[in-house]
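J.: Here it is: the structure, laid out below.
The values are calculated or read from the model by the stated rules, or taken from the named source; none is laboratory data. As the structure is a prediction and not an experimental result, all values here were calculated from the model. Here Cβ is always computed from backbone atoms with ideal geometry, including for glycine, and neighbour counts include all displayed protein chains. Keep in mind that these areas ignore ligands, DNA and RNA; they rest on the heavy atoms of the full protein, side chains included. Shrake-Rupley method; radii C 1.70, N 1.55, O 1.52, S 1.80 Å.
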Amino acid sequence: MTLYLASTSPARLMLLRSAGIEPVIVHSHVDEPATVAAAEAVSGPLATPDMVALLGRAKAEAVTRDADGNPLDGFVLGGDSSFELDGVSQGKPHTPERATARWEAQRGRTGTLYSGHWLIDYRGGVPRAATGGVARATVTFADNITDAEIAAYVASGEPLWVAGAFTLDSLAGAFISEISGHPSTVIGLSLPLLRDSFAELGVSWTDLWNRPGALGPAEL
């Protein structure tokens with residue numbers, strides 16, 4: 001079975017690969033700010049869980065063919081993540097100044113990472129069913145992170161392009177003192193939630209394993 005990942009996130013790709021799944025990458029080209037603005041124009045400000053659910057679904061539904069223009073035959077997964085601190089959603093900071101301010105504000109504190117998913121059963125080239133959900137995990141940052149460490153991390157460029165200005169699976173991992181929830185949720189998508197979503201569509205998680213590391217000795 002083929003899983004089409006409607007995302008170019010290296011973290012989501014890494015998570016799926018480590019879980020034994022080699023997805024087909026398809027860029028959704030969703031304009032995220034415009035999508036959120038359109039929804040808020042109708043319903044008012046979105047809470048962070050609603051926002052990531054909206055964007056995850058929009059990304060999955062935007063993919064109707066693979067990168068070569070061929071019809072889909074498999075499952076399409078869209079996802080989005082956002083970190084919330086003091087009730088405010090923290091997107092990608094984009095600039096060193098914003099990234100520095102974020103780290104100064106979250107040092108020694110706890111916030112919540114929300115990860116939204118939407119999974120479409122596209123077997124046979126026709127959307128047959130879909131399901132999704134939002135996973136959450138709390139993240140506590142060390143209280144002894146120095147200004148020099150923040151400056152060095154921001155200078156690496158890594159936090160500029162990730163939600164909340166941090167990563168668990170790379171350079172910022174040493175600055176995170178505690179997580180409540182599944183670590184994969186913080187990295188980019190919740191593997192337990194994704195497994196449950198496939199089960200809801202009648203698919204066993206192990207049937208998706210298509211990487212050598214996930215195969216038994218008799219299959220290698």
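J.: So how long is each side of the range 1-132 along the principal axes, counting just the alpha-carbon atoms, biggest first, in Å?
T.: Computed over the Cα atoms, the extents are 49, 38, 23 Å.
J.: Follow-up. What FRET efficiency, computed as 1/(1 + (r/R0)^6) with R0 = 25 Å and r the Cβ-Cβ distance, is obtained for GLU200 and ALA38, rounded to the nearest 0.05?
T.: Numbers: r = 28 Å, r/R0 = 1.12.
The computed FRET efficiency comes out at 0.35.
J.: Would you mind telling me the antiparallel percentage of the DSSP bridges in the chain, rounded to 5?
T.: Of the beta bridges lying entirely in the chain, close to 85 percent run antiparallel.
J.: For THR64 and LEU160, what is the calculated FRET efficiency with R₀ set at 35 Å and r taken between the beta-carbons, to the nearest 0.05?
T.: That pair, THR64 with LEU160, gives E of 0.65.
J.: Longest span of the chain, sites excluded, free of trypsin sites (Lys or Arg not before Pro) in DSSP loop with at most 15 other C-beta atoms within 10 Å?
T.: That gives 1-108 as the longest site-free run.
J.: How far is it, in nm, from the label point at ALA105 to the one at HIS27 when both lie 7 Å from their Cα along the line to the Cβ?
T.: Here the answer is 3.0 nm between the modelled labels.
J.: In the calculated pair distance distribution of the range 104-151, what percentage of Cα-Cα distances lie above 16 Å?
T.: The share of Cα pairs beyond 16 Å in the range 104-151 comes to 61 percent.
J.: Separate question: If you count only protein heavy atoms with a 1.4 Å probe, what accessible area per residue comes out for the range 45-170, rounded to a whole Å²?
T.: I get 44 Å² per residue for this part.
J.: First obtain the Kirkwood hydrodynamic radius of the range 126-220 from its Cα pairs, then insert it into the Stokes-Einstein equation at 25 °C and 0.890 mPa s, and state the resulting D in µm² per second as a whole number.
T.: Details: Rh = 16.3 Å.
It diffuses with D of about 151 µm²/s by this estimate.
J.: Between GLU149 and SER170, what is the spin-label point distance in nm, taking each point 7 Å from the Cα along the Cα→C-beta axis?
T.: 1.9
J.: Here is a follow-up. Please report, for the Cα atoms of the chain, the Rg to one decimal and the Dmax as a whole number; what are they, in angstrom?
T.: That works out to 18.0, 56 Å for Rg and Dmax.
J.: Using 1/(1 + (r/R0)^6) with R0 = 45 angstrom and r between the beta carbons of ASP86 and VAL126, what's the FRET efficiency to the nearest 0.05?
T.: 0.50
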